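The block underneath contains the structure these notes are about, expressed in structure tokens.
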Amino acid sequence: MSAGELHPEVTLAPEDEGRLQLYAVLARLFAAGPDDGLLRALAQSAGSVEGEGELAHAWNDLAAAAVNTSAREATLEFDATFIGVGKAPVSTYLSHYLPVSRKEAVLVELRDTLRELGLARTAASAEPEDNLTSVLEVMRHLVAAGSGPQSLQRQREFFARYLEPSYRGFCSAANEIVLSAYYSAAVRLLGVFMDSDLAQFEMG
């Protein structure tokens, strides 16, 4: 989905259009196992992230891994790794990677923030708000709102409060277990992109 579909009146800078798409892809990667359409799209996307930096290499590694990935096997791996029976080997809930004393406070803050943004979950949704996919989707929404100073400040604040304290913990936990080439590449892409966005926010 493009920025125009989320905010029809907004035109994004090219770099923010790229960030928007990356947030969308990452949210999908960690929402559920892939289907054949996603794997096919990823396999065909090699080279779509320009440059020779870490981000381009991470994207191309994911595209290469998707070529030899079975949707069924990857979905079984996703369910076993990120959902599990009882307790998942790798939690996708970002508050899991915070000190115990902060977990409940962050959830309360996040709910208040989502309410302020008009993104509070519906009563029908049973998924906690600090799920990685949900937080990435909020960042996508904030990026789509524009490339101006006010939008960038909102993105910076949200990232600093809800992603920066936890994403490295998630990536480290995932890297401690044996993952397929596909999910190893997905976790690497997440970490590289989060590091990249953090660096840009710190420079801004």
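The values are calculated or read from the model by the stated rules, or taken from the named source; none is laboratory data. None of the values given here were measured: they were computed from a predicted structure. Here the Cβ is made from the backbone with ideal geometry for all residues, glycine too, and neighbour counts use every protein chain on show. Heads up: the accessible areas ignore ligands, DNA and RNA and are worked out on the full protein's heavy atoms, side chains in. Shrake-Rupley method; radii C 1.70, N 1.55, O 1.52, S 1.80 Å.
Here are the numbers for this structure:
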quantity: Residues of the chain: accessible area per residue with a 1.4 Å probe, Å²; calculated: 51 Å²
quantity: Net charge over other residues, Cβ less than 14 angstrom from the Cβ of Phe201 (K, R count +1; D, E count -1); calculated: -3
quantity: GluC sites (Glu not before Pro) restricted to DSSP loop in region 137-196 with at most 16 other C-beta within 10 Å; calculated: Glu176
quantity: Highest-MSF residue in the chain out of Asp130, Asp61, Asp36 [GNM, Cα springs under 10 Å]; calculated: Asp36
quantity: Proximal charge balance of Ala105 [Cβ under 15 Å; K/R count +1, D/E count -1]; calculated: -1
quantity: Mean separation of Cα contacts under 8 Å, 6 or more apart, over the residue count of the chain: relative contact order %; calculated: 29 percent
quantity: Phi-based couplings in Hz for region 128-136 (Karplus 6.51, -1.76, 1.60; Gly and Pro marked x); calculated: x, 5, 8, 4, 3, 4, 4, 5, 5
quantity: Residue of Gly51, Gly18, Gly191 that the Gaussian network model of the chain assigns the largest fluctuation, springs spanning Cα pairs under 10 Å; calculated: Gly51
quantity: Filtered trypsin sites (Lys or Arg not before Pro), region 21-108: DSSP coil and at most 14 other beta carbons within 10 Å; calculated: Lys87
quantity: Carbon and sulfur %, accessible surface of the chain computed with the full protein complex present, 1.4 Å; calculated: 54 percent
quantity: Spatial separation of Cα centroids for region 137-197 and region 87-107, in angstrom; calculated: 16 Å
quantity: Local net charge near Asn60, Cβ-Cβ under 14 Å (Lys/Arg +1, Asp/Glu -1); calculated: -3
